[in-house]
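Below you'll find the structure, written out as structure tokens, and then a few comments.
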Amino acid sequence: MNLLDQCNVLITGASSGLGKEFARQLAPRAATLVLVARRLERLEALKSELERPGLTIHCRQADLSDRTEVDTLLAWLASAGIPLNFLINNAGLGDHGRFETGEWERTRQMLDVNIGALTRLTHALLPILKAQAGAAILNVSSSAAFFPIPKLAVYAATKAYVSSFTEAIRAELRGTGVRVTAVCPGPVSTEFGRVAERTASPEPLEAPDALRVSAREVVGDALRAVEADRARVIPGWLVALTVAAASLLPMALLRYGLNKRAR
Ligand SMILES: NC(=O)c1ccc[n+]([C@@H]2O[C@H](COP(=O)([O-])OP(=O)(O)OC[C@H]3O[C@@H](n4cnc5c(N)ncnc54)[C@H](OP(=O)(O)O)[C@@H]3O)[C@@H](O)[C@H]2O)c1
């Protein structure tokens, strides 16, 4: 049987954007969805939309930037005894603007959600994942992971962590039955841009329309990559081509571009 059929999956950041789309695409195939985010009312609305016989949906409110709330979520999972075989570490946020003028609280949240919670959930849930006949971890990274990006300095660095961490534990977990994949989307129209915009000095997070990929396509590509046990997927051929081309640039030219963006 395909790993995603009858899967028991935990999706972080299921109240919006890609997380919501993961839930929608998995609902027809999964046995259990555990939906996690801060906005519980959104999770409950999604649950009402996706409910069907044979599917159990749990909505769990948690602020993943708060270690105590992550621990509470893990304690609930342990007590519920759900045989999780799929973990989607999707929750994340950005902050658009110069590093030095950013609010520390926002920077802390990015570090704690994008890196801290992803790492903690993976560490705590690995024994459960390994105990299943087949299991997967899907980490939502970004095409921002491939390069330093002025005005998204911390965000890009957190995603570089996600991609690096994913590749390393994928190698460690070879042969254990747990596959590990990173999805590295380019720009997707979700609430991400609005959340990343600063209220004090808003600078819209713009991206060329040609690079935009729909949430449906990103999630479809990501789930197919998990099924095919691929290490990494960059949805959208133009995004993949741009990343590949930019990776070939000499460092001096890349720095010239970075300096221009920083101004
Ligand atoms: N959109 C893009 O252009 C793009 C491109 C590349 C990668 N990504 C990545 O894709 C992932 C999903 O982002 P998205 O585009 O779907 O953005 P989104 O629409 O803003 O969704 C972000 C999700 O993360 C959750 N989240 C944020 N902070 C949280 C916290 N402290 N505790 C718990 N949940 C939290 C939000 O839920 P609550 O607010 O309800 O808590 C929401 O469900 C992120 O990791 C992002 O970095 C996005």
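Averaging over all projection directions, find the projected area of the Cα convex hull of the chain and quote it in nm² with one decimal place. So the mean shadow area of the Cα hull is 14.1 nm². Bridgeable lysines around K260 (alpha carbons under 29 Å apart, same-chain partners fewer than 8 residues away excluded): K151, K159.
Sorting F86, F99, F146 by accessible area puts them as F99, F146, F86; the probe is 1.4 Å, largest comes first, and only protein heavy atoms count.
Distance between Cα centroids, segment 36-58 to segment 162-233: provide it in whole Å. Their Cα centres are 23 Å away from one another.
Roll a 1.4 Å probe over the protein chains and send me the accessible area per residue for segment 1-91 in Å².
Values: 3800 Å² over 91 residues.
For segment 1-91, the per-residue accessible area is 42 Å².
Label sites at T101 and A171, each approximated as a point 7 angstrom past Cα along Cα to Cβ, lie 4.1 nm apart.
Shape class of segment 180-258 from the Cα gyration tensor (axes a ≥ b ≥ c, square roots of the eigenvalues): oblate, since a/c reaches 1.5 or more and a/b does not exceed b/c. Overall, the accessible surface of segment 8-262 at a probe of 1.4 angstrom is composed of carbon and sulfur to the extent of 55 percent.
Per-residue extension of 0.36 nm, minus the Cα-Cα distance of L40 and T119, leaves a gain of 26.1 nm for this segment.
Taking the Cα centre of segment 129-196 as the origin, how large is its charge dipole in debye, to the nearest 20, when only Lys and Arg (+1) and Asp and Glu (-1) carry charge on their Cβ atoms? Let's see the in-between values first.
Values: 7 positive and 3 negative charges, 8 e Å.
Taking the Cα centre of segment 129-196 as origin, the dipole is about 40 debye.
Just name one of G236, F22, A45: the one whose Cα is farthest towards the positive end of the charge dipole of the chain (beta-carbon charges, Lys/Arg +1, Asp/Glu -1). Towards the positive end, the residue furthest out is G236.
Per residue of the chain, the DSSP helices (runs of n ≥ 4 H) give a summed -39500 (n - 2.57) that works out to -13500 deg cm²/dmol at 222 nm.
Look at the alpha carbon pairs under 8 Å that are at least 6 residues apart: their mean separation over the length of the chain gives a relative contact order of 18 percent.
The residues of segment 121-169 expose, per residue, 34 Å² of accessible area to a 1.4 Å probe. Taking every protein chain into account, the 1.4 Å probe leaves Y256 with about 140 Å² of accessible area, to the nearest ten. For segment 8-262, a simple Cβ point-charge model (Lys and Arg +1, Asp and Glu -1, everything else neutral) yields a dipole of about 440 debye relative to the Cα centre. Listed values for segment 120-135 are Karplus-derived 3J(HN,Hα) couplings in whole Hz (6.51 cos²θ - 1.76 cosθ + 1.60, θ = phi - 60°), namely 5, 4, 4, 5, 6, 8, 4, x, 5, 4, 5, 6, 8, 5, x, 8, and x replaces Gly and Pro.
Less than 27 Å apart at the alpha-carbon level, and either on another chain or at least 8 residues along: which lysines does that give for K47? By straight Cα distance, K47 reaches K20.
The values are calculated or read from the model by the stated rules, or taken from the named source; none is laboratory data. These figures come from a predicted structure and were not determined experimentally. For neighbour counting, all protein chains shown are included, and Cβ atoms are generated from backbone atoms with ideal geometry for every residue, glycine included. When the accessible area is computed, the model is the full protein with side chains, heavy atoms only, and any ligands, DNA or RNA have been set aside. Shrake-Rupley method; radii C 1.70, N 1.55, O 1.52, S 1.80 Å.
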